[in-house]
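The values are calculated or read from the model by the stated rules, or taken from the named source; none is laboratory data. Predicted model only: the values in this text are computed from it and were never measured. Cβ: placed from backbone, ideal geometry, glycine included. Neighbour counts: every protein chain shown. Remember, those area values only see protein heavy atoms, side chains included, never the ligands or the DNA or RNA. Shrake-Rupley method; radii C 1.70, N 1.55, O 1.52, S 1.80 Å.
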Amino acid sequence: MIPVAEALSRVCALVRPVGAEHVTLRAAAGRVLAEPVIAKRDQPPFPASAMDGYAVPIEDPAPGDRFRMIGESAAGHGHEGPLSAGEAVRIFTGAPIPEGAARVIIQEDVTRNGDEIVLNEALDSRRYIRAAGADFAAGTTFAPRRPLRPADIALIAAMGHGEVALRRRPEIALIATGDELVMPGEDPGRDQIVASNTFGLAAMIEAAGGIARMLPIARDNEASLETVLDLAAGADMIVTVGGASVGDRDLVAKVAEARGMERAFYKVAMRPGKPLMAGRIGGIPMVGLPGNPVSAVLCGTIFILPALQVMLGLPGDPAPRSPARLAVDLPPNGAREHYMRARLDGDSVTPFESQDSARLAILSSADALIVRPPHDPARQVGETVDIIRL
């Protein structure tokens with residue numbers, strides 16, 4: 001068995017960033033840039049008013065000063081011609097500053113009589129002029145290392161781009177194995193259960209920016225597994241669920257090795273999730289997850305999601321941890337890193353009494369995992385532990 005951190009490092013080393021595709025900006029939210037975006041123009045492209053008011057040609061007018069209105073500047077319709085001494089232009093927020101204007105007097109500081117304005121006694125001292133390029137200049141580079149957020153989409157649009165180069169969404173082939181499985185909606189036989197693991201993993205993968213390719217269930221014979229593995233051709237990663245242990249009917253390792261799998265490791269010092277396997281098969285990264293539902297979903301969180309981030313050109317960081325206070329005492333931990341399903345109440349965390357790796361209902365009710373290092377000593381109420389929020 002190898003430590004969790006080492007296993008994660010080896011899984012991430014199996015994958016590489018995928019290629020790029022050009023996508024309209026309208027469809028880019030939540031995707032990852034494959035190359036920097038470079039601003040095509042200044043923003044704003046001209047000096048612009050920051051408020052509704054009156055543009056005047058002097059920077060330090062005094063209360064009582066009078067100006068004659070000669071026109072108007074609105075967004076999309078600037079005033080033509082320069083301002084001269086004693087003149088003013090009615091101006092609105094975002095409108096171009098007329099040539100010769102040195103300041104905008106906000107409308108609350110002005111008394112208007114027809115075409116004449118008089119400045120009131122309490123003048124706001126600010127100029128209310130946004131310089132050209134105050135937000136960003138032409139040539140500014142934007143290259144966040146994260147999925148694009150709504151504000152990013154707005155920024156790229158303002159930079160003048162209607163299309164961007166994005167990382168292609170990595171395609172992960174999911175293979176459930178076992179004679180005992182039927183698809184949701186089918187009627188299980190007396191000795192069968194409904195396949196659930198790949199559905200949870202597919203939702204996880206697609207929420208993180210990948211594409212899950214759900215393949216047929218591989219039955220417990222070599223020919224069936226061979227056939228389904230053939231269907232995974234072209235995927236960026238293959239993830240099998242179940243069949244990775246060492247029982248007589250656990251065929252994944254046997255078939256994969258017969259197909260030339262280069263194994264990176266087998267077994268991880270974690271609970272649940274010990275019988276984890278990873279390597280390359282036909283040049284495609286492959287991870288074999290345990291068949292217990294909680295083990296499969298947990299290993300997806302700990303290993304598959306960081307690998308997916310690497311494929312998107314992002315750091316394959318471990319699932320983020322944060323501190324929480326124990327609400328109950330815990331006995332000493334064993335030799336494996338333990339991920340305990342738990343419930344949060346403010347900054348306090350309580351593990352579920354049962355940690356059975358087959359109980360999906362508990363996982364669904366959990367909003368955190370308590371992470372206990374190998375050989376962690378007994379812990380008391382109020383002590384701080386690391387958690388992963390779900």
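General observations
- The listed residue being open to solvent by 30 Å² or more (accessible area, probe 1.4 Å), β-branched (Val, Ile, Thr) and within 33 Å of the chain's Cα centre (by Cα), out of ILE211, ILE156, ILE193, ILE238: ILE211
- Test: residue in the range 160-168 that is within 30 Å of GLU226 (Cα to Cα), within 21 Å of the chain's Cα centre (by Cα) and at pLDDT 95 or above: yes
- Failed condition for VAL297, given (1) assigned to a loop (DSSP other than H, G, I, E, B); (2) under 25 Å from PHE199 (Cβ atoms): (1)
- Condition check for GLU21: at pLDDT 95 or above, open to solvent by 40 Å² or more (accessible area, probe 1.4 Å) and in contact with a Leu (Cβ under 7 Å, 6 or more places away or on another chain): yes
- Where ILE172 falls short, out of the listed (1) open to solvent by less than 20 Å² (accessible area, probe 1.4 Å); (2) farther than 30 Å from GLY243 by Cα; (3) in contact with a helix residue (DSSP H, G or I) (Cβ under 6 Å, 6 or more places away or on another chain): (2)
- Selection count where residues are within 24 Å of ALA195 (Cα to Cα), in contact (Cβ under 8 Å) with a residue 40 or more places away in the chain, part of a strand (DSSP E or B) and of a type outside the set (Ser, Thr, Tyr), scope the range 322-367: 1
- Elements of type strands (runs of 3 or more DSSP E) in the range 19-74, at least 1 residues being free of Cβ contacts under 8 Å to residues at least 60 places away in the same chain: 53-56, 66-73
- Reported count of residues in the range 48-82, each being of a type outside the set (A, V, I, L, M), crowded, with 17+ Cβ neighbours inside 10 Å and either touching an Asp or Glu at 6+ places or on another chain (Cβ under 7 Å) or closer than 29 Å to LEU148 by Cα (or both), is 3.
- Residue satisfying condition, being part of a loop (DSSP other than H, G, I, E, B), open to solvent by 10 Å² or more (accessible area, probe 1.4 Å), touching a residue at least 60 places away in the same chain (Cβ under 8 Å) and not aliphatic (A, V, I, L, M), within set GLY273, GLY243, GLY200, GLY260: GLY243
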